[in-house]
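**Student:** Mind having a look at this structure? Questions to follow.
What follows draws every value from the coordinates through simple rules; no lab data is involved. Note that this is a predicted model, so its numbers are computed, not measured. Neighbour counts run over all protein chains shown; Cβ positions are idealised from the backbone, glycine included.
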Amino acid sequence: MRATLLAIAAAVALPAQAAGNHDQGKKLVEEKKCETCHNNKTLGDAKAVYLRKDRKVSSVVKLKAQVAMCNSQLNLQLFPEDEEHIVAYLNQAYYKFPAQK
């Protein structure tokens, strides 16, 4: 009983990590051709969406919202866990936001 309580307490005390798998996220970004759409929006530099100084995404929360918006507007038919994978990939590859607490 005590070991169970300690395990629960330890799990609650740990900072929340990105729920997604970045490798799976990279695969989904390729499958859904996300960078083709970004390429069209930036006139040839797909990664500029992620790297520009005036980018809209300034936190993990905003990154999640942006991925969800793309999913909805483009009817990508991603499940919530797919969105989490994409967020994990984009954060690791481009944004480098710290883990949420």
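**Student:** Each residue of the range 40-49 in turn: what ³J(HN,Hα) in whole Hz from Karplus with 6.51, -1.76, 1.60 and θ = phi - 60°, glycine and Pro shown as x?
**Tutor:** My calculation for the range 40-49 gives 5, 6, 9, 6, x, 10, 4, 6, 4, 4 Hz in order.
**Student:** Residue by residue, what Karplus-based ³J(HN,Hα) values in Hz, rounded to whole numbers, does the range 30-38 have, using 6.51, -1.76 and 1.60 with θ = phi - 60° and x for Gly and Pro?
**Tutor:** Calculated HN-Hα couplings, in order: 5, 4, 8, 6, 4, 6, 5, 5, 5 Hz.
**Student:** Turning to a different aspect of this structure: Once you put a point 7 Å from the Cα of Glu30 and another 7 Å from the Cα of Ala46, both along the Cβ direction, what distance in nm separates them?
**Tutor:** Taking the simple label geometry, Glu30 and Ala46 are separated by 1.1 nm.
**Student:** Taking Cα pairs under 8 Å and at least six residues apart, what relative contact order does the range 18-95 come out at, in percent? It would help to have the intermediate numbers written out before the result.
**Tutor:** On the way: 87 pairs, mean separation 42.9, N = 78.
Computed over the range 18-95, the figure is 55 percent.
**Student:** Give the Rg (one decimal place) followed by the Dmax (whole number) of the range 18-95, computed from C-alpha coordinates and expressed in Å.
**Tutor:** Calculated on Cα positions, Rg and Dmax stand at 11.5, 32 Å.
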